[in-house]
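Just so you know, all these numbers are worked out from the coordinates, no wet-lab data involved. Predicted, not measured: the structure shown is a model, and the values here were computed from it. With ideal geometry, Cβ positions are generated from the backbone for all residues, glycine too; neighbour counts draw on all protein chains shown.
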Amino acid sequence: MSREGPQSLESVVLSRRTIHLFKKEQVSDELIEWAADIACWAPNHFLTEPWKYYLLSNRLKDQIIDLNYRENLSAKGERYAEVKKNRWQNIPGWLVITSKRAKTEKEERENYAACCCAAQNLMLLLWTRGVGVKWTTGNIIESIDFANIIGFTVNEEKPIGMFWYGYPETIGKQVRQPINNVLLRV
């Protein structure tokens, strides 16, 4: 991983990791805009371009952190809520991606799949510039309160995730199972 390009697609795919701990250094909005613009070239059935990107301000991040704190406080107690709140407050960049709702279940699945492709593009592009991402989901992104904070309507958009990003503090190691376990000759 480097802050400069170019790199082979293979090396980017093989080196990218989910990042859990970030440095405090901020990533420029321009870099996120660049990556989102290119990520939109993901395949999408009938060219629906079903994605929307919401680059969150500090004010909105604080509101989401507070919403999550309140939900965790009632569900899991003060200690858990405080730990999560402290962790979330140290995440430098937040992006939310939503998928356009559709009239049919099939089109809804296709839109979601296209948004997942765009999300992968985004993460790979940012990785080439030294920026790591954690794609996170959970009950909070499905709530009406979350939609209201971000500013979208749940009848028109479905969140596919929050994307926390920043320069990695640490990069974990991973392995994958052998290809023969997943590539079946039929």
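All of (1) surrounded by fewer than 16 Cβ atoms within 10 Å (Cβ to Cβ); (2) in contact with a strand residue (DSSP E or B) (Cβ under 8 Å, 6 or more places away or on another chain); (3) under 26 Å from TYR53 (Cα atoms) hold for ASN148 with one exception: (2). Restricted to the range 64-108, and to residues there that are in contact with a strand residue (DSSP E or B) (Cβ under 7 Å, 6 or more places away or on another chain) and among the charged types (D, E, K, R), the residue that is surrounded by the fewest Cβ atoms within 10 Å (Cβ to Cβ) is ARG101. Of everything listed in (1) touching a Ser or Thr at 6+ places or on another chain (Cβ under 9 Å); (2) of a type in the set (A, V, I, L, M, F, W, C); (3) surrounded by fewer than 16 Cβ atoms within 10 Å (Cβ to Cβ), the single unmet condition for LEU183 is (1). From the list TYR112, TYR69, the lone residue that is under 20 Å from LYS134 (Cβ atoms), under 15 Å from the mean Cα position of the chain (by Cα) and aromatic (Phe, Trp, Tyr) is TYR112.
Would you confirm whether any residue within the range 102-121 is of a type in the set (Phe, Trp, Tyr), within 30 Å of GLN7 (Cβ to Cβ) and not in a loop (DSSP other than H, G, I, E, B)? Yes: the range 102-121 contains one or more residues that are of a type in the set (Phe, Trp, Tyr), within 30 Å of GLN7 (Cβ to Cβ) and not in a loop (DSSP other than H, G, I, E, B). For the range 123-140, a residue qualifies if it is farther than 16 Å from PHE22 by Cβ and either among the aromatic types (Phe, Trp, Tyr) or buried (at least 20 other Cβ atoms within 10 Å of the Cβ) (or both), and the qualifying residues are LEU125, THR128.
If you filter the range 144-160 down to residues that are among the aliphatic types (A, V, I, L, M) and not in a helix (DSSP H, G or I), you find that the one that is farthest from ASN58 (Cα to Cα) is VAL154. Which numbered condition in (1) under 23 Å from HIS20 (Cβ atoms); (2) surrounded by fewer than 19 Cβ atoms within 10 Å (Cβ to Cβ) is the only one that ALA113 fails? Tallying (1) under 23 Å from HIS20 (Cβ atoms); (2) surrounded by fewer than 19 Cβ atoms within 10 Å (Cβ to Cβ), ALA113 fails exactly one: (1). For the range 157-180, taking the residues that are in contact (Cβ under 8 Å) with a residue 12 or more places away in the chain and of a type in the set (S, T, N, Q), the one that is surrounded by the most Cβ atoms within 10 Å (Cβ to Cβ) is identified as THR170.
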